[in-house]
1. Filter region B:169-181 down to the residues that are crowded, with 22+ Cβ neighbours inside 10 Å and within 14 Å of another protein chain (Cβ to nearest Cβ) and list them by number.
2. How many residues does region B:222-260 contain that are surrounded by 15 or more Cβ atoms within 10 Å (Cβ to Cβ) and either free of Cβ contacts under 8 Å to residues at least 24 places away in the same chain or part of a strand (DSSP E or B) (or both)?
3. Among the residues of region A:14-43, which ones are in contact with a Phe, Trp or Tyr (Cβ under 7 Å, 6 or more places away or on another chain) and either among the basic types (Lys, Arg) or within 14 Å of chain B (Cβ to nearest Cβ) (or both)?
4. For region B:254-281, how many residues meet the condition of being more than 11 Å from B:ARG297 (Cβ to Cβ), in contact with a Lys or Arg (Cβ under 9 Å, 6 or more places away or on another chain), within 14 Å of chain A (Cβ to nearest Cβ) and not hydroxyl-bearing (Ser, Thr, Tyr)?
5. When you go through B:GLY267, B:GLY305 one by one, which is the residue that is among the small types (Gly, Ala, Ser), within 27 Å of the chain's Cα centre (by Cα) and either closer than 20 Å to B:MET321 by Cα or surrounded by 16 or more Cβ atoms within 10 Å (Cβ to Cβ) (or both)?
6. Does any residue in region A:251-274 that is in contact (Cβ under 8 Å) with a residue 40 or more places away in the chain and more than 14 Å from every other protein chain (Cβ to nearest Cβ) come within less than 9 Å, Cβ to Cβ, of a residue that is of a type in the set (Val, Ile, Thr) and not in a strand (DSSP E or B) six or more places away or on a different chain, and which pairs are these?
7. Please go through (1) modelled with pLDDT of 95 or more; (2) surrounded by fewer than 20 Cβ atoms within 10 Å (Cβ to Cβ); (3) on the phi < 0 side of the Ramachandran plot for B:GLY188 and return the number of the only condition it doesn't satisfy.
8. Looking at region B:106-122, can you tell me whether even one residue there is crowded, with 19+ Cβ neighbours inside 10 Å, more than 14 Å from chain A (Cβ to nearest Cβ), closer than 30 Å to B:ALA215 by Cβ and touching an Asp or Glu at 6+ places or on another chain (Cβ under 9 Å)?
Amino acid sequence: MEKRLETLLSLALPYRETVTVRRSIYRGGAGPRVAVTAGMQGNELEGLYLCHRLAVWLEQLAQTRPEALLGQVELYPALNPVGLDTLQRTLPVYDSELDRSFPGHSEGPLPQRIAAAVLASLQGAALVIVLQASDMHLQEIPQARLESRFAERLLPLAQQLDLDLICLQEAATVAETTLVHSLNARGEPGLLVTTGTSMGLSKRHTEQLVAGILTLWRELGVLASDLPLPAARHRPLLVEANQMYPLNAEVSGLFDAQPVACGGLVKAGELLGLIVSPFEGRTLAEVRSPAAGLLVTLRHYPLVYEGALLARIAGSA
Amino acid sequence: MSTPILLTLTAPLGDSFTIPYHDFGPAERPPRLALVAGLHGNELNGVFVLSRLADFLRRIHAGERRGQALRERIVLIPAVNVLGVNTCSRVWPFDKIDLNRSFPGDSAGETTQRIAAAVVNITRPAYYRVDIHTSNTDIEEMPQVRLYEPNDDERASACLFGLPAVIERPVNPIFTTHLLHTWRQYGGENFVIQCGLAGNLQTAHCEVLFRALVAFLDRAGLVDGIALPEDEEHLHYFGLNQSVALMAEQSGIFVSRLEVGRWVQAGDLIGHIYDGFSGEIRAEVHAPTAGLVGSLRRQPLLFEGDPMARILTLTDAGNQMERILHSQGQ
């Protein structure tokens, strides 16, 4: 097994420094190439940790059974290095979302150059997992969101990833500027996996994803079929977008969530939290589940405006 | 006269705040014209000019401007992103969402969705609708009318503003969450005006924009009795094939002494790229073709591949990079 760090793109900054986008490559046999990308939003760190955990596992494999890596693994933990270095979600200076810049162009401004360099590097991959955390207000359980038109190919892959939820949805046209759409549109399977929260790590979920990803890689022939792996224990719930029930705040205030676990089952009408006033003892509203099902999203940032998303439940009304 | 309110919102700490608007002219009719600015809270030229235009219309309405009269109903929202204006933020400050990526909105959704739905609700009945923007904090735009796959009426009416440049573009599918896109579903005539640089006020551009809106009020028959000056610049329409994007081939500090809205000849100096540390000149940037300087970079920190200027040409000299920028929504 050969390991190397490679630079995809290097660009001079206005004042002397250089920005580089890098990937790690673990090269075994001539089997399929697979990749994990992360760090497109500079405040989402879940994917950086996932890449580290996969690297730990691969480096242990290099000590114990290097020949069991039949293909090639590529880790792209930090696609927005300037955003990560400065704790900004978007690409600093451009203030644009990197994941709205695909397919990009090699002679365009920085977001487009990164996009084009990433897509060029991923050419020919048998599977790309695009990992994102939730936005800064929410926490999510490990889930994949698949565009319906690509579902036939992607669903069998996603089902082996040890996820809690798979949601099939129609893509908005703006989603056509995402990495995962560009990959699927050109015929390379790209799976968008969402987990955890911004600005933090959900380590239990990371280990769940490590087990799922390794299982899928073994299935694809990247890892030897007799290789023992951490057990994948989850059976994902498969839903369509209309089976996802959003719960929005009725009033503005401070959301005081009940100790309900994201990923747990809730009953219709179950109390999920209160919206309270910081100035007085009064409860402004009770927050109750609109449906019975799996609590897949829970608000993690407590200040809310009227209409703010508090939770999402996958299930039946 | 009490101020009409588009939407009242309650902040998390319990204070309420409003998005007010102006409504002039015969109340029994649907508005003939809706003017919107400040979807982006740091685009201050449009906010300031619409507030000044509201004062102008109020004085006509009050009979303080002799010989002038309102013939039609006009609705103006000087600032949609009220929190953004108060904090000089392009996006809605709480959740950093771009209001002009939130249309058509949802009256029961997140804050930005509710605001978008309220803007559509009040502007939808109008026949003419104008959304005023100022590019961003990097690029200064000469005051111009933007049309996206216009119909013949829109193309004809675009000249009523009397601005020297009317820029036409194909509709880009990634613009479907813009206000203009939603308006197009409801017919009428829809325009975007770009004017100046965000984060600041350029009084010369504001004067041009104010005159353009007053000219439109007169020529579209909304207000009687306005005498327009006769010294307007000649007007040109520029498609994608008449637009040249000038991109940086190296990084550094970009400085230009030009002004937007000036005509240049091929080879004229546009600006310099300096080494930010040594101060040496790394490159001179020259106009590749003759034309009107429509856009110019004012934010000096230059990455390789950044746009520096846009030159609008009378011939089909447009370049591939302009098409690429357009396809990426810029």
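The values are calculated or read from the model by the stated rules, or taken from the named source; none is laboratory data. Computed from a predicted model, the values in this text were never measured in an experiment. Note that each Cβ is placed from the backbone with ideal geometry, even for glycine, and that neighbours are counted across all protein chains shown.
1. Across region B:169-181, the qualifying residue is only B:HIS178.
2. Counting residues in region B:222-260 that are surrounded by 15 or more Cβ atoms within 10 Å (Cβ to Cβ) and either free of Cβ contacts under 8 Å to residues at least 24 places away in the same chain or part of a strand (DSSP E or B) (or both) gives 13.
3. Within region A:14-43, A:PRO14, A:TYR15, A:ARG16, A:ARG23 qualify.
4. 4
5. B:GLY305
6. Close Cβ pairs (under 9 Å, with a partner that is of a type in the set (Val, Ile, Thr) and not in a strand (DSSP E or B)) amount to A:VAL266/A:VAL260.
7. (3)
8. yes
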